[in-house]
Amino acid sequence: MSDYLPPLTALRAFDAAARHMSFAKAAEELHVTPAALSFQIKSLEEHLGRPLFRRLNRAVELTEAGRALAPGASEGFAILQSAWRAVRRQEDNNSLTVTAGPALTAKWLAPRLYEFARAHPEIDLKFSATLRNMDLERDDVDVAIRFGNAADEGLYSVPVRKEWLTPVMTLELAEQFPTPDSLQKAPLIHDESISFLTPPCDWPAWFRAVGIDFTPTHGAHFSNADHAIDAAVAGVGVALGRRAMILKDLTEGRLVAPFKTALETKGRFRFLCLPGAEKKPQIAAFRDWFLTEIEKTAHISDEFKIIPIEEVFPL
């Protein structure tokens, strides 16, 4: 048996059939006839000298040889596809794919994107709202905007201003609970999307920052920051809102922040891309726009007494 690789078309046919466990579905994926796909797999088996599939009544299953080959074939084609996408992206200066968390996308990015689109009509901008860890080398993504305090090793990383949190509520609730002390009796909303931060930036930490020893035991809990803020807008309760998530609702009057004490987290948003990619015109344009938009609202921080979390929980 020769060690030379068989034709890639035959391996591609095998990979598709092994994933679908169906010659018909594999043929549909590859846009060939089932007979043509069957011929490619048969030629691969002749090259190997062993069967890769057992042909059953209306079904197929992998042989021992097929089970040995399938993982490597799948991984090999995935690497080839990733490399092909990477090469095409190097030559593409008109499209830009950005990933950001759903909350930041809904509360900060989406309301501002028309300005970027108007300034750069030549850029085809695509968004993926997800918190899934992305591999910028293998995934079809150019830029990731992420929150936290990760090291971002091996990436071009531009950290922006640290986030701070402050209680926000409707005007009606603000009239019912006019002091920090009165919030102990208020319906509190808990945003668990940043529960990974250390030290914790939650209601007990904020109360501690204003000199109150209080740990809430009740209230609505949300895993997404935008859902927590939407609940506050609806009058459900008082949310401890992050700066980026509350700016639009504050400036448009749906929420108020009556207590001018804010708790600064150790986490911050970062603009991430592969090293060297920041020089591409569309990525540089989006980075500059992103940083400029953040600075436009930097003055709002001046309205608050911002207490770093390290002062609340000293080492």
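The values are calculated or read from the model by the stated rules, or taken from the named source; none is laboratory data. All figures in this text were calculated on a predicted structure; none of them were measured in a lab. Because the Cβ atoms are built from the backbone with ideal geometry, glycine has one as well, and the counts that use them run over all protein chains shown.
Applying the criterion of at least 2 residues that are outside the structural domain of Ala110 (by TED's automatic domain parsing) and touching a Cys at 6+ places or on another chain (Cβ under 7 Å) to the helices (runs of 4 or more DSSP H) found wholly in segment 230-315 leaves an empty list. When Pro275 is tested against the conditions (1) within 20 Å of the chain's Cα centre (by Cα); (2) touching a residue at least 40 places away in the same chain (Cβ under 8 Å); (3) surrounded by 14 or more Cβ atoms within 10 Å (Cβ to Cβ), the lone failure is (3). For segment 99-112, the set of residues classified as surrounded by 16 or more Cβ atoms within 10 Å (Cβ to Cβ), free of Cβ contacts under 8 Å to residues at least 60 places away in the same chain, of a type in the set (A, V, I, L, M, F, W, C) and not in a strand (DSSP E or B) consists of Leu109 only. Return a yes/no flag: does segment 32-55 have any residue that is exposed (fewer than 13 other Cβ atoms within 10 Å of the Cβ) and in contact with a Ser or Thr (Cβ under 8 Å, 6 or more places away or on another chain). Yes, segment 32-55 has at least one match. All of (1) under 23 Å from the mean Cα position of the chain (by Cα); (2) in contact (Cβ under 8 Å) with a residue 12 or more places away in the chain hold for Arg50 with one exception: (1). Listed by position, the strands (runs of 3 or more DSSP E) contained in segment 113-227 that have at least 3 residues being modelled with pLDDT of 95 or more and either surrounded by 16 or more Cβ atoms within 10 Å (Cβ to Cβ) or within 17 Å of the chain's Cα centre (by Cα) (or both) are 156-168, 188-191.
Answer yes or no: is there a residue in segment 74-85 that is aliphatic (A, V, I, L, M) and either assigned by TED's automatic domain parsing to the domain that holds Ala225 or in contact with a helix residue (DSSP H, G or I) (Cβ under 8 Å, 6 or more places away or on another chain) (or both). Looking through segment 74-85, none of the residues is aliphatic (A, V, I, L, M) and either assigned by TED's automatic domain parsing to the domain that holds Ala225 or in contact with a helix residue (DSSP H, G or I) (Cβ under 8 Å, 6 or more places away or on another chain) (or both). Val87 falls short on exactly one of the conditions (1) of a type outside the set (Asp, Glu); (2) over 26 Å from Asn224 (Cβ atoms); (3) touching a residue at least 60 places away in the same chain (Cβ under 8 Å), and that condition is (3).
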